[in-house]
1. Picking from 83, 108, 62, which residue would you name as being modelled with pLDDT under 95, of a type outside the set (D, E, K, R), assigned to a loop (DSSP other than H, G, I, E, B) and closer than 16 Å to residue 175 by Cα?
2. Would the stretch 23-33 turn up any residue that is at pLDDT 70 or above, surrounded by fewer than 14 Cβ atoms within 10 Å (Cβ to Cβ), closer than 22 Å to residue 155 by Cα and under 19 Å from the mean Cα position of the chain (by Cα)?
3. Counting only residues that are more than 14 Å from residue 64 (Cα to Cα) and either loosely packed, with under 13 Cβ neighbours inside 10 Å or of a type in the set (Lys, Arg) (or both), how many does the stretch 149-185 have?
4. Being touching a Ser or Thr at 6+ places or on another chain (Cβ under 9 Å) and of a type in the set (A, V, I, L, M, F, W, C) is the filter here, so list the residues in the stretch 92-111 that pass it.
5. Residues in the stretch 143-173 that are part of a helix (DSSP H, G or I), of a type in the set (Lys, Arg) and touching a residue at least 60 places away in the same chain (Cβ under 8 Å): how many?
6. Within the stretch 121-148, restricting attention to residues that are surrounded by fewer than 17 Cβ atoms within 10 Å (Cβ to Cβ) and aliphatic (A, V, I, L, M), which residue is nearest to residue 104 (Cα to Cα)?
7. Restricting the stretch 102-119 to residues that are among the hydroxyl-bearing types (Ser, Thr, Tyr) and surrounded by 13 or more Cβ atoms within 10 Å (Cβ to Cβ), which is nearest to residue 59 (Cα to Cα)?
8. Do we have residue 109 as among the small types (Gly, Ala, Ser) and closer than 25 Å to residue 35 by Cα here?
Amino acid sequence: MKNLIDRYVKLTLESDDREYDPEYYYRRDPNMCWGTAGAGIFFTCQDGTALFLLRSGKCAQPFTWGIPGGGMDEGWHRKPLPPTKYSKQEFFDTAVRETREECGSLPPGLSIDQVGKVTTYQDRGFVYKTFITELTEKQKQVWKPVSTDGETLDFKWVSLEEAQVKQSIDGKQLHFGVKYTMSKM
């Protein structure tokens, strides 16, 4: 069965001019998740903007605008999952690690004190914590995120209000997790 699925995915990808990826099927299955839990940082700025990352085809929910973040552990898992037992600090450490991986660095002078609110998304045992962090205009100006892991195609600072109203940027949808976080702000 897996070989049949791989052949179908390969034909589908070839018709879309995308590189063949045997995990394509798993990234598009809503019952699958990478890791048993995850975390990210939603960077906002005092000037009313927020940082969005355009997710590459290597990611779940590809070609949507998301935030730096990822799984606490590796591997594809089918929901429902057993309850997670990670601490808030472990979630934050994951968010920081993922920001370094996806943006190449952290904003200069980033402090835990800049975390204003934490949202928690839960889906059949999978838990994702988003740390909403407000940067100063100087931090935003100095920090230049760079894709280092192939998961990000573009970075864009966008008016938070505009993103909330349109639910998209440049015609591409916001990741469902970003929509969830913005609804809780």
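1. Details: 83 fails: closer than 16 Å to residue 175 by Cα; 108 fails: closer than 16 Å to residue 175 by Cα.
62 is the lone residue from the list that is modelled with pLDDT under 95, of a type outside the set (D, E, K, R), assigned to a loop (DSSP other than H, G, I, E, B) and closer than 16 Å to residue 175 by Cα.
2. no
3. 5
4. Those that are touching a Ser or Thr at 6+ places or on another chain (Cβ under 9 Å) and of a type in the set (A, V, I, L, M, F, W, C): 95, 103, 106, 110.
5. Kept after step one, since they are part of a helix (DSSP H, G or I), are these residues of the stretch 143-173: 160-166.
Pick out the ones that are also of a type in the set (Lys, Arg) and you get 166.
Filter again for touching a residue at least 60 places away in the same chain (Cβ under 8 Å), leaving none.
So the count comes out to 0.
6. Pass one, the stretch 121-148, residues surrounded by fewer than 17 Cβ atoms within 10 Å (Cβ to Cβ): 121-125, 134, 136-138, 141-142, 144, 146, 148.
Filter once more, keeping what is aliphatic (A, V, I, L, M): 142, 146.
Details: 142: 14, 146: 5 Å.
Once the filter is applied, the top-ranked residue is 146.
7. Within the stretch 102-119, the first condition is being among the hydroxyl-bearing types (Ser, Thr, Tyr), and the residues that meet it are 105, 111, 119.
When the remaining residues are screened for being surrounded by 13 or more Cβ atoms within 10 Å (Cβ to Cβ), the result is 105, 119.
On the way: 105: 20, 119: 22 Å.
Step by step, filter the stretch 102-119, then rank; the result is 105.
8. For residue 109, the condition - among the small types (Gly, Ala, Ser) and closer than 25 Å to residue 35 by Cα - is not met.
The values are calculated or read from the model by the stated rules, or taken from the named source; none is laboratory data. Predicted model only: the values in this text are computed from it and were never measured. As a convention, Cβ positions derive from the backbone with ideal geometry for all residues, glycine included, and neighbour counts pool all protein chains shown.
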